[in-house]
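Student: Have a look at this one.
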Amino acid sequence: MSGPSSNGVFSYDGRLVFNGLYRTKVLNASINIEDIVENELKDFSKGTKDKPGSGYHMLSFSEMVAESPEISRPIKEQAEDMHGIRYRYENWDEGEVEDDEEGTVYRHIRTTDSVDVYWHFPDYLFIKGNKTEAKKAANLIDNKLDEYLKTEEIGFSPDFLLWILSKYKNGEALSDELSTNLLSDARIEGDEDRFGRSNRVDDSTDIAKATTILMGILRGKEMAFVEGIFGVSGQFVKAQIETGGRVHIKAEQDIDGGDPLKRMALSVTFLTELLKVYDHWESLDSGEKYPPDEFFYDLYDECERQGAEITFPADEVVEKYRQKGNRKEYKNRQSGLAEF
């Protein structure tokens with residue numbers, strides 16, 4: 001089992017993939033998460049192949065972050081209100097083992113895995129694990145803590161990812177605490193056309209100049225994920241942000257080379273700032289949530305500069321987002337090309 005050991009060393013299982021992002025609303029001001037985990041959630045104990053063991057325990061996350069010499073003060077300040085909970089469970093799978101007397105035999109082999117839950121009190125909760133594990137952990141916590149807090153799952157809108165692209169293209173930060181330094185990967189999805197239902201670009205130098213993505217947007221396809229380098233609290237994180245609320249933080253930039261505690265602290269700081277930005281975006285008036293007409297015409301012009309042969313006008317997608325944004329004035333700039 002990976003986890004904080006008796007000597008205060010922090011580690012975690014698997015990659016930094018978060019498949020559960022939630023808003024939280026505290027219903028009972030007297031909530032003490034440490035007492036609840038200790039008294040309401042079953043502690044882990046070893047089980048059997050017929051009854052695998054599982055259980056929860058608190059992580060001394062904020063305390064270890066506060067004591068770490070590798071972690072910057074802004075990250076430490078973010079972690080002050082962060083509670084860490086680990087759900088540990090057993091797997092018993094049949095496999096080949098070598099026995100001194102019997103040779104190669106089939107036996108049930110016990111392994112343990114874990115799912116981490118980080119609650120940035122009182123607003124956001126993040127679950128690190130695959131989708132099935134994350135959902136199971138969320139349901140168990142929700143059932144046990146329903147008297148104390150209410151959770152609301154977050155799934156990013158494709159238009160939010162388009163808004164990130166538009167802010168990046170204009171050289172604008174997402175917030176005072178979060179900036180987009182480079183978008184290098186993206187996927188778009190939509191109706192079937194001669195280019196397929198889905199188009200993807202990986203490891204580009206700049207998605208804002210990748211004609212495969214730009215032409216898909218102009219044809220009305222929607223963003224499925226964006227990936228790039230983001231600045232947060234004076235450091236850099238490479239992350240893939242997907243519709244549906246999945247975030248994969250890559251082992252690159254300031255995540256690469258740090259110890260597990262530093263990597264996790266920077267990851268949950270990034271997630272906190274990202275969800276703040278998403279909440280801000282959702283609160284915007286419709287006219288501010290969606291790119292203006294000229295954004296799409298700029299994409300059209302960029303495709304032409306890159307030498308792409310465009311056989312359709314941009315006006316249809318402009319009209320789509322004009323209606324979404326409830327904009328009364330519409331700058332119609334016909335390209336003179338036939339509809340594709």
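Student: For helix 158-169, what angle does its Cα long axis make with the longest principal axis of the chain, in degrees from 0 to 90 and rounded to 10?
Tutor: Here the helix axis deviates by roughly 70 degrees.
Student: Oh, and also: With every protein chain left in place, what is the accessible area of residue 72 in Å² (1.4 Å probe, nearest 10)?
Tutor: About 40 Å², rounded to the nearest 10.
Student: Something else about it: Which order do the peptides 266-272, 146-152, 176-182 take when ranked by the mean count of other beta-carbon atoms within 10 Å per residue, highest first?
Tutor: Numbers: 266-272: 25.3, 146-152: 14.3, 176-182: 16.6.
Ranked by mean Cβ neighbours within 10 Å, highest first: 266-272, 176-182, 146-152.
Student: What whole-number value in Å² describes the accessible area per residue of the chain for a 1.4 Å probe? Don't skip to the answer; put the middle values down first.
Tutor: Details: 16760 Å² over 340 residues.
So the chain comes to 49 Å² accessible per residue, rounded to a whole number.
Student: With axes computed from alpha carbons, what is the tilt in degrees of helix 315-324 against the longest principal axis of the chain, rounded to the nearest 10 within 0 to 90?
Tutor: Taking the Cα atoms of the chain, the angle to 315-324 is about 60 degrees.
Student: Mean residue ellipticity at 222 nm from the helices of the chain, using -39,500 (n - 2.57) per DSSP H segment of n ≥ 4 over the full residue count, to the nearest 500 deg cm²/dmol? Provide the component values of the computation, followed by the final result.
Tutor: Details: 10 runs with 108 residues, N = 340.
Theoretical 222 nm ellipticity from helices: -9500 deg cm²/dmol.
Student: In whole percent, what relative contact order does the stretch 17-153 give with Cα contacts below 8 Å and a gap of six or more residues?
Tutor: Numbers: 247 pairs, mean separation 47.2, N = 137.
Once normalised by length, the contact order is 34 percent.
Student: How many nm is it between the label spots at residue 209 and residue 108, if each spot is 7 Å from the Cα in line with the beta carbon?
Tutor: Placing both labels 7 Å beyond Cα along the Cβ direction yields 5.9 nm.
Student: How far apart, in nanometres, would the label points at residue 46 and residue 80 be if each is projected 7 angstrom from Cα along the Cα-to-Cβ direction?
Tutor: 4.2 nm
Student: Among 46/144; 144/238; 128/209; 25/135; 150/320, which pairs are too far apart, with a Cα-Cα distance over 30 Å? Could you put the intermediate results ahead of the total?
Tutor: Values: 46/144 22 Å; 144/238 34 Å; 128/209 33 Å; 25/135 19 Å; 150/320 35 Å.
In this structure, 144/238; 128/209; 150/320 exceed 30 Å between Cα atoms.
Student: Using only Cα atoms, figure out Rg for the stretch 1-86 and give it as a multiple of 2.2 N^0.38 Å.
Tutor: Values: Rg = 15.3 Å, N = 86, 2.2 N^0.38 = 12.0 Å.
Compactness ratio reported: 1.28.
Student: Residue 175: accessible area at probe 1.4 Å, nearest 10 Å²?
Tutor: 40 Å²
Student: Over the heavy atoms of residue 81, what accessible area does a 1.4 Å probe trace out, to the nearest 10 Å²?
Tutor: Per-residue accessible area (residue 81): approximately 80 Å².
Student: Right, something else. How much of the accessible area of the stretch 19-101, in percent, comes from carbon and sulfur atoms when a 1.4 Å probe is used? It would help to have the intermediate numbers written out before the result.
Tutor: Working: 2000 of 4950 Å².
Carbon and sulfur: 40 percent of the exposed surface of the stretch 19-101.
Student: Using alpha-carbon pairs under 8 Å, 6+ residues apart, how would you state the relative contact order of the chain in percent?
Tutor: Numbers: 631 pairs, mean separation 55.8, N = 340.
Result for the chain is 16 percent.
Student: If I fit a long axis through the Cα atoms of helix 293-305 and take the longest principal axis of the Cα atoms of the chain, what angle between them do I get, 0 to 90°, rounded to 10?
Tutor: In the chain, helix 293-305 runs at an angle near 80 degrees to the longest axis.
The values are calculated or read from the model by the stated rules, or taken from the named source; none is laboratory data. Everything numeric here is computed off the predicted structure, so don't read it as measured data. Here Cβ is always computed from backbone atoms with ideal geometry, including for glycine, and neighbour counts include all displayed protein chains. What goes into the accessible areas is simple: the full protein's heavy atoms, side chains included, and nothing from ligands, DNA or RNA. Shrake-Rupley method; radii C 1.70, N 1.55, O 1.52, S 1.80 Å.
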